[in-house]
Amino acid sequence: MAHNATKGKIFLKGSKTYFTSSIFFPPQVREDVFTLYAFLRVADDLVDCVPQRADEFYEMLKKWRAARDGTAAHDPVIDDFVALAERVGFEREWTEAFFHSMELDLLKKEYDTLPETLEYVYGSAEVIGLYMMRIMELPGESEHPARMLGRAMQYINFIRDINEDIGLGRRYLPLRDSMLTSLAPDETRKKPDAFRRFITEEIERYLGWQKEAEAGFCYLPRRYRIPVATASDMYAWTAATIRRDPFVVYERKVKPSRLRIVANIIRRFAAIRECP
């Protein structure tokens with residue numbers, strides 16, 4: 001129980017939306033989700049802090065690989081994740097891809113083309129959809145929607161966190177086909193129309209992936225669909241808020257309140273559909 005409480009604190013610190021949504025999973029699934037996100041968040045925090053803790057990141061990677069091959073890490077975050085991976089059948093390639101994307105945060109600062117960005121997104125977000133698919137024991141048909149949900153949510157994070165990423169010297173959104181050379185506020189405020197057009201186009205890209213993701217919601221049993229759909233709805237709310245005023249990303253981090261999340265969960269109970 002103490003380990004679960006610690007994982008819950010790590011999870012909550014990383015994402016209020018995911019955490020609040022996940023508490024509506026059945027107990028075993030909720031515990032598995034806490035184990036998953038604690039592992040992901042610890043690794044992510046090592047590359048997102050200032051200064052970055054590269055040595056600790058590579059040590060975590062080394063310990064995970066050893067634990068995966070049978071040598072316990074004596075770290076509950078790592079060992080519990082490895083036990084979960086073995087029990088539900090995570091592919092090793094997924095976690096290697098996750099660590100690759102986290103390593104890119106140590107090595108790469110800007111992404112100039114969409115394929116570059118999507119390489120990062122696969123390991124940082126799409127594989128999380130695949131992890132969740134295995135935790136919830138979903139059919140193979142749900143694999144593509146699961147990946148697209150991770151991709152869509154990550155892309156909204158890139159848009160929402162433009163200003164925060166500037167502070168870290170990063171830019172994940174490709175500018176090659178835009179009229180912008182930077183997303184720094186002094187640049188975008190000189191070209192407000194170009195920035196608004198850019199954000200609108202990026203949100204349209206997100207909406208396309210979101211539509212592909214939502215096509216797979218019908219594969220989710222009711223007890224899983226509510227928390228997953230709620231998290232998705234909250235990202236859609238974030239996207240809509242930013243679309244109305246793109247410059248809000250420089251003023252605050254757009255996030256739904258806990259009240260909004262809970263209200264959405266209640267609404268979702270009345271909006272269930274099955275796959276045809």
For region 115-126, what does the Karplus curve 6.51 cos²θ - 1.76 cosθ + 1.60, with θ = phi - 60°, yield as ³J(HN,Hα) per residue in whole Hz, taken in order and with x for Gly and Pro?
x, 4, 4, 6, 4, 5, 5, 4, x, 8, 9, 5
Tell me the label-point distance for the pair Val50, Phe247, using the 7 Å Cα-to-Cβ offset, in nm and rounded to one decimal.
2.4 nm
Sorted by chain and then number, the residues having a modelled amide H within less than 5 Å of the amide H of Arg171, at least 5 places away or on another chain, are Glu110, Tyr111
For Arg197 and Lys109 in one chain, what is 0.36 nm times their gap in residues minus the Cα-Cα distance, to one decimal in nm?
29.3 nm
Excluding residues on the same chain fewer than 8 positions from Lys191, give the aspartates and glutamates whose Cα lies under 16 Å from its Cα.
Asp177, Glu201, Asp245
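Based on other C-beta atoms within 10 Å, arrange Lys63, Lys255 from fewest to most.
Fewest-to-most ranking of Lys63, Lys255: Lys255, Lys63.
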Reachable aspartates and glutamates, given that their alpha-carbon falls under 13 Å from the alpha-carbon of Lys108 and they are not under 8 places away in the same chain
Asp48, Glu116, Glu119, Asp165
For Leu259 and Asn163, FRET efficiency with R0 = 25 Å and r from the beta-carbon atoms, rounded to 0.05?
0.50
Label point 7 Å beyond Cα of Lys190 along Cβ direction - residues of region 231-272 with amide nitrogen under 18 Å
none
Given the options Gln154, Gln28, Gln52, state which has the largest fluctuation in a GNM of the chain using a 10 Å cut-off (strictly under) for Cα springs.
Gln28
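Bear in mind that the values in this text are calculations on the coordinates, not laboratory data. Every value quoted in this text rests on a predicted model; they were computed, and no experiment measured them. Don't worry about glycine lacking a Cβ; one is built from the backbone with ideal geometry, like all the others, and counts go over all protein chains shown.
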